[in-house]
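The values are calculated or read from the model by the stated rules, or taken from the named source; none is laboratory data. Source: prediction; values computed, not measured. Reconstructed Cβ throughout: ideal geometry from the backbone, glycine too, with neighbour counts over all protein chains shown.
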Amino acid sequence: MSRAGPPSAALAAAAAIVFLALGALLGLAAGRSSGITVGDVAVQIELDRGAFRGGGDPIESWIRRSASIVAGYYGHFPVARLTVRVMAERGEGVHGGKSFANPEAYIQVRLGQDVTEAQLLSDWVLVHEMAHLALPDTGEAHAWLSEGLATYVEGVARVQAGNRSEADVWAEEMRQMPRGLPESGDRGLDRTHTWARTYWGGAMFCLLADVDIHRQSHNRFGLQDALRAIVRDSGGLAADWPIERVLLTGDHAVGTTTLEDLYARLKDSPVTPDLMGLWRELGIESEDSSVRLSDSAPLADVRRAIMRAR
Ligand SMILES: [Zn+2]
């Protein structure tokens, strides 16, 4: 008669390790990890192709397309190497994502097993996550800046790449941005961490900045140029920068003090900009469930310049 003791437990553990290692090898053989390059960026994709009804190809195209959209907006992709891990869940559609930068850029994205090509084509999640890679980490108090930028850049970048219509983006901003306005008791962007203020209050900051930089530079520069300088000088999300340094770097690149001034006004006071007046000046008029764009409005040239690919 023998009793299970330490020696056999060790044996079981060793067997488990061999089993796990074998599983990982088989996973690789089954196509769970593959590398692609998008422009000069190496993208490692961790994906169980067999878990998705449409297989892995549409998902790989989606990752490639999203990376190209973001590279187009920033002039080049924010980082040189990226790993995208795709996790299968029940259902359709793109369910959500998360970005990390330490030690290397890494995006985890959750996808329905029955996701369709049309859903992947109109997805905003992955472009949003990739946009996060371009901004240094400025700390939790300024989550509104990183979420606002990712929200705002997603729309503009996709229009510039021909992946979304300009009217669709303005219609969404017209519908959603008022949610980012301060409510009673608000203490400014740095001190009011509700979902609406973080995402749409942050996106409103970006739109106001974009319009102001365009106006002041007579459409020579926009927020896009400021953001390109910020990612170039910082290296993006892996860097820890104070928000003041981020904004100063952007302002220097475009020759204004727009970002610093706007931050000083909005960081700890509940400022309510006249969004209706801004849409009117930009030539964006609500029409049925979408918008009509007017080229005779005073700031129509700014509106067009924001959405023009460069
Ligand atoms: Zn985000």
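Which condition number in (1) assigned to a helix (DSSP H, G or I); (2) in contact (Cβ under 8 Å) with a residue 40 or more places away in the chain is the one that residue 225 fails?
So residue 225 meets the others, but not (2).
Considering the stretch 83-122 alone, what residues qualify as being within 16 Å of the ligand (Cβ to nearest atom) and in contact with a Leu (Cβ under 9 Å, 6 or more places away or on another chain)?
84, 94, 95, 97, 99, 100, 101, 105, 106, 107, 109
List the number of the failed condition for residue 31; all other conditions in (1) touching a helix residue (DSSP H, G or I) at 6+ places or on another chain (Cβ under 6 Å); (2) over 17 Å from residue 81 (Cβ atoms); (3) surrounded by fewer than 16 Cβ atoms within 10 Å (Cβ to Cβ); (4) modelled with pLDDT of 85 or more hold.
Going through the list (1) touching a helix residue (DSSP H, G or I) at 6+ places or on another chain (Cβ under 6 Å); (2) over 17 Å from residue 81 (Cβ atoms); (3) surrounded by fewer than 16 Cβ atoms within 10 Å (Cβ to Cβ); (4) modelled with pLDDT of 85 or more, residue 31 breaks only (4).
So how many residues does the stretch 94-111 have that are over 14 Å from the mean Cα position of the chain (by Cα) and more than 21 Å from residue 164 (Cβ to Cβ)?
The number of residues fulfilling the criteria is 4.
Applying the selection to the stretch 239-258, what residues are surrounded by fewer than 17 Cβ atoms within 10 Å (Cβ to Cβ) and part of a loop (DSSP other than H, G, I, E, B)?
242, 255, 257
A quick yes/no check of all residues on (1) within 16 Å of the ligand (Cβ to nearest atom); (2) closer than 19 Å to residue 293 by Cβ:
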{"residue": "151", "(1), (2)": "yes, no"}
{"residue": "159", "(1), (2)": "no, yes"}
{"residue": "162", "(1), (2)": "no, yes"}
{"residue": "180", "(1), (2)": "yes, no"}
{"residue": "186", "(1), (2)": "no, no"}
{"residue": "189", "(1), (2)": "yes, no"}
